[in-house]
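The values are calculated or read from the model by the stated rules, or taken from the named source; none is laboratory data. Source: prediction; values computed, not measured. Heads up, the Cβs are rebuilt from the backbone with ideal geometry, glycines too, and the neighbour counts pull from every protein chain shown. Just the protein is used for accessible areas: all its heavy atoms, side chains included, with ligands, DNA and RNA removed. Shrake-Rupley method; radii C 1.70, N 1.55, O 1.52, S 1.80 Å.
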Amino acid sequence: MEYLDKVQHSFEHAWRDVKHGKADKETAITVGAGVAVLAGAYFLLRPRRYKKKPGASQLTGGGIDREKVQKEFDDYAKAYGDKPGEGITERSKTTELVNVFYDLVTDLYEWGWGQSFHFSPRLPGKDWASSEAAHEARLAALLKLGPGKKCLDVGCGVGGPMRTIASTSGAEVTGITINDYQVSRAKHHNEKLGVQDLCNPVQGNFLKMPFEKETFDGAYAIEATCHANKLEEVYGEVFRVLKPGGMFCSYEWVATKEFDPNDPEHVRIIDEINFGNGLPEMRTYKEAEQAGKHVGFELVGSVDIAVASPVAGPWYGRLKWLRDSGLIGVNRTLVNLVSFLRIAPTGLHDVHEMLVKVSLSLVQGGESGVFSPMHLLIFRKPDSE
Ligand SMILES: C=C(CC[C@@H](C)[C@H]1CC[C@H]2C3=CC[C@H]4[C@H](C)[C@@H](O)CC[C@]4(C)[C@H]3CC[C@]12C)C(C)C
Ligand SMILES: C[S@@+](CC[C@H](N)C(=O)[O-])C[C@H]1O[C@@H](n2cnc3c(N)ncnc32)[C@H](O)[C@@H]1O
């Protein structure tokens with residue numbers, strides 16, 4: 001703190017000389033540099049209420065008390081075994097760990113990515129936001145949603161997709177997320193956009209949903225069911241709350257047919273993806289298909305969107321660009337700064353470092369073809385049980 005006092009003292013002296021017209025060249029440079037540093041720091045850290053994303057100075061641990069963020073992250077990290085392919089060791093704790101994971105990452109996701117916590121193929125001539133909206137709207141079309149229809153968003157995050165799908169289709173979308181902080185963020189965004197009459201985020205466990213049977217005309221999940229210990233558990237609940245004849249579409253995180261469980265490099269990539277994203281394990285797309293059939297669904301379609309379009313850019317392109325452009329490096333500096341200044345909770349630095357590392361694993365998973373975050377499964381509940 002002594003160094004900072006000296007800097008402040010010399011800046012005050014210089015500022016006084018400038019005010020009294022006694023500034024020499026050196027003083028003017030000191031003051032100019034000081035003003036530039038302060039302006040730069042404010043620009044980068046400033047709280048940005050709604051317009052775009054939150055500012056770095058608004059990074060929190062979600063529903064976790066500031067002083068507990070470091071311990072919660074350390075406990076989360078300890079929950080993963082170190083044997084290849086092990087994932088979360090105590091599976092009875094998975095849901096609780098996933099909730100902690102989202103307390104830890106939700107602000108960082110919004111700050112560094114946006115309100116839709118998923119990947120999208122890059123459409124030719126479209127920016128990432130348009131490509132993302134198209135990827136989400138595809139589900140509204142597949143589910144044949146429209147005004148008066150009731151749709152369930154299984155693992156809704158802060159509601160980015162919910163708002164797109166409700167706005168494009170006019171359907172009422174109820175979203176469920178385990179994380180209470182995300183519900184508050186989703187409600188904030190819904191009200192800001194004036195879509196709260198169509199979008200209803202609720203806190204709850206998609207393994208035991210607080211909805212009556214046969215409530216919804218359609219359901220979708222976007223990169224969310226991967227957090228379940230067993231896909232049958234969440235698929236079975238979706239089956240229960242869907243009306244007979246209702247459709248369920250899911251973008252699934254899967255190991256692809258390129259994945260070789262005997263290849264240590266493949267296993268390393270998947271293990272790192274599991275740890276850096278709160279997955280208990282990784283399923284293959286075949287296992288996901290089987291899980292849906294096992295709970296009673298008819299499998300209507302199964303396609304890896306990551307490789308479906310010969311002209312779309314790779315889903316991991318945005319992550320690669322963030323790294324290659326140096327933006328992740330800038331983010332690292334900002335997170336270190338707000339952590340050092342105690343503006344953000346201690347521990348958020350470690351969370352961010354986890355995300356820096358997993359961004360590399362995800363790109364490797366995409367480039368090697370062993371992993372896809374968007375294997376689209378289309379299921380239908382039979383007309384009569
Ligand atoms: C579906 C899931 C999450 C998918 C993506 C939304 C996120 C996966 C990895 C995340 C990120 C990685 C690097 C971060 C970067 C270091 C930071 O400065 C800014 C945020 C990141 C870009 C962050 C953004 C969200 C992801 C892309 C899983 C959880 C099932
Ligand atoms: C990667 S986020 C995707 C969110 C949203 N689908 C989107 O694309 O923006 C995964 C979501 O699944 C939710 N989730 C994970 N496990 C859950 C559970 N057991 N019950 C309810 N929601 C859960 C998380 O809280 C989070 O909102």
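Only one residue in 207, 198, 193 is out of contact with any Pro (no Cβ under 9 Å at 6 or more places or on another chain), farther than 17 Å from residue 160 by Cα and either open to solvent by 40 Å² or more (accessible area, probe 1.4 Å) or more than 8 Å from ligand 2 (Cβ to nearest atom) (or both). Which one?
Exactly one of 207, 198, 193 is out of contact with any Pro (no Cβ under 9 Å at 6 or more places or on another chain), farther than 17 Å from residue 160 by Cα and either open to solvent by 40 Å² or more (accessible area, probe 1.4 Å) or more than 8 Å from ligand 2 (Cβ to nearest atom) (or both), namely 207.
Select from segment 92-113 the residues that are near ligand 2 (Cβ under 9 Å from one of its atoms), over 16 Å from residue 223 (Cβ atoms) and surrounded by 23 or more Cβ atoms within 10 Å (Cβ to Cβ) and list them in ascending order.
The answer is 99, and nothing else.
Any residue in segment 358-385 that is of a type in the set (Val, Ile, Thr) sitting within a Cβ distance under 6 Å of a residue that is in a helix (DSSP H, G or I)? List the pairs, counting only those 6 or more apart or interchain.
Note: pairs meeting the criteria are 358/276; 363/319; 363/320; 370/266.
Looking for something in contact (Cβ under 8 Å) with a residue 60 or more places away in the chain, open to solvent by less than 10 Å² (accessible area, probe 1.4 Å) and acidic (Asp, Glu) - is there at least one such residue anywhere in segment 141-157?
Checked segment 141-157: at least one residue is in contact (Cβ under 8 Å) with a residue 60 or more places away in the chain, open to solvent by less than 10 Å² (accessible area, probe 1.4 Å) and acidic (Asp, Glu).
What are the pairs with Cβ atoms under 9 angstrom where one residue, in segment 244-272, is in a helix (DSSP H, G or I) and the other, located anywhere, is crowded, with 22+ Cβ neighbours inside 10 Å and of a type in the set (Val, Ile, Thr)? Sequence gap at least six, or different chains.
Final answer for the pair search is 265/370; 266/370; 269/370; 270/370.
Residues in segment 77-89: is at least one open to solvent by 50 Å² or more (accessible area, probe 1.4 Å), more than 20 Å from residue 332 (Cβ to Cβ), at pLDDT 95 or above and not in a loop (DSSP other than H, G, I, E, B)?
Taking every residue of segment 77-89 in turn, at least one turns out to be open to solvent by 50 Å² or more (accessible area, probe 1.4 Å), more than 20 Å from residue 332 (Cβ to Cβ), at pLDDT 95 or above and not in a loop (DSSP other than H, G, I, E, B).
Determine which single condition residue 380 fails, assuming it passes every other condition in (1) crowded, with 17+ Cβ neighbours inside 10 Å; (2) within 12 Å of ligand 1 (Cβ to nearest atom); (3) not hydrophobic (A, V, I, L, M, F, W, C).
Here residue 380 clears every test but (2).
Among what's in segment 114-139 and is open to solvent by less than 10 Å² (accessible area, probe 1.4 Å) and more than 16 Å from the chain's Cα centre (by Cα), pick the residue that is farthest from residue 211 (Cα to Cα).
The residue in question is 131.
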